[in-house]
1. Just name the residue that is modelled with the lowest pLDDT out of those in segment 214-243 that are outside any helix (DSSP H, G or I) and under 21 Å from residue 43 (Cα atoms).
2. Return the pairs, sorted by first residue and then second, in which the second residue is not in a helix (DSSP H, G or I), the first residue lies in segment 244-256 and is at pLDDT below 95, the beta carbons are less than 8 Å apart, and the residues are 6+ apart or on different chains.
3. Report yes if some residue within segment 142-163 is in the same structural domain as residue 50 (by TED's automatic domain parsing), in contact with a helix residue (DSSP H, G or I) (Cβ under 8 Å, 6 or more places away or on another chain) and surrounded by fewer than 12 Cβ atoms within 10 Å (Cβ to Cβ); otherwise report no.
4. Inside segment 244-256, can you point out the residues that are surrounded by 12 or more Cβ atoms within 10 Å (Cβ to Cβ) and assigned to a helix (DSSP H, G or I)?
5. Considering only residues that are surrounded by fewer than 15 Cβ atoms within 10 Å (Cβ to Cβ), under 21 Å from the mean Cα position of the chain (by Cα) and without any contact (Cβ under 8 Å) to a residue 40 or more places away in the chain, look in segment 25-71 and name the one that is nearest to residue 158 (Cα to Cα).
6. Quick one: which residue in 221, 273 is under 14 Å from residue 1 (Cα atoms) and surrounded by 11 or more Cβ atoms within 10 Å (Cβ to Cβ)?
């Protein structure tokens, strides 16, 4: 979770639709079924994408010049990623960005299929062909989720495109590209390497009473905390849904996170966001 360039590549490279066992969720990419079903976790995805196109070239190197000059370019990249084929002559909201395929061939094809909807179509096809790999809860809801998904995504894309100063819309408190780009500009370039915990922090963490099955989670959370902590503020937003996707499982949220020592990994919700801090003595 701390190598943000690697995360960016998982949202732009072609996923591998393979699985060696029922526990191998490689075919999901950096998503969980709950994310796809409930449209959650996309704010971080869009912010990672925006930071990638604002600050980096295709190899991850830092770009020269003012990132504010690349705002429109970045917004086009987000539109290409979300693109959905639409043959409407006069659509109320434009969702088909096939004209961007020359500029962003990795994000949208000549038929208007953006990266995400291509992934969804390939994923659903894989799941249908290997239905036995899905968990029982996913099997029970799969048909309902996959049916009409493209139309649901079209509606979501329309919300993402609502201007930042629009009033009286259903997207007033939702994820919007204008907000995402503003957050990305503030966050700056992507971290291109994993954050390595200082030896002293590792020592303190090793002395804490943490269940063995959660030890990796504790180390990852601690690294994420120190990699993202601001000098003048102790709390860091915890993107639980995206952590689930990082582990390719909701076991992190449902089984591991709740039993981590609350005096070490302190959490609270504010304005609908979960934030946490790590307290090591």
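The values are calculated or read from the model by the stated rules, or taken from the named source; none is laboratory data. Everything quoted here is computed from the prediction, not taken from an experiment. Neighbour counts are summed over all protein chains in view; Cβ atoms, including those assigned to glycine, are modelled from backbone coordinates with ideal geometry.
1. That would be 230.
2. Sorted first by the residue in segment 244-256, then by its partner, the pairs are 248/25; 248/32; 249/25; 249/32; 250/32.
3. Within segment 142-163, one or more residues are in the same structural domain as residue 50 (by TED's automatic domain parsing), in contact with a helix residue (DSSP H, G or I) (Cβ under 8 Å, 6 or more places away or on another chain) and surrounded by fewer than 12 Cβ atoms within 10 Å (Cβ to Cβ).
4. Across segment 244-256, the qualifying residues are 244, 245, 246, 247, 251, 252, 253, 255, 256.
5. The residue in question is 38.
6. Only one candidate passes the filter, namely 221.
For every residue, the table says whether it meets (1) surrounded by fewer than 18 Cβ atoms within 10 Å (Cβ to Cβ); (2) in contact (Cβ under 8 Å) with a residue 24 or more places away in the chain; (3) out of contact with any helix residue (DSSP H, G or I) (no Cβ under 6 Å at 6 or more places or on another chain).
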{"position": "175", "(1), (2), (3)": "no, yes, no"}
{"position": "179", "(1), (2), (3)": "yes, no, yes"}
{"position": "192", "(1), (2), (3)": "yes, yes, no"}
{"position": "207", "(1), (2), (3)": "yes, no, yes"}
{"position": "217", "(1), (2), (3)": "no, yes, no"}
{"position": "258", "(1), (2), (3)": "yes, no, yes"}
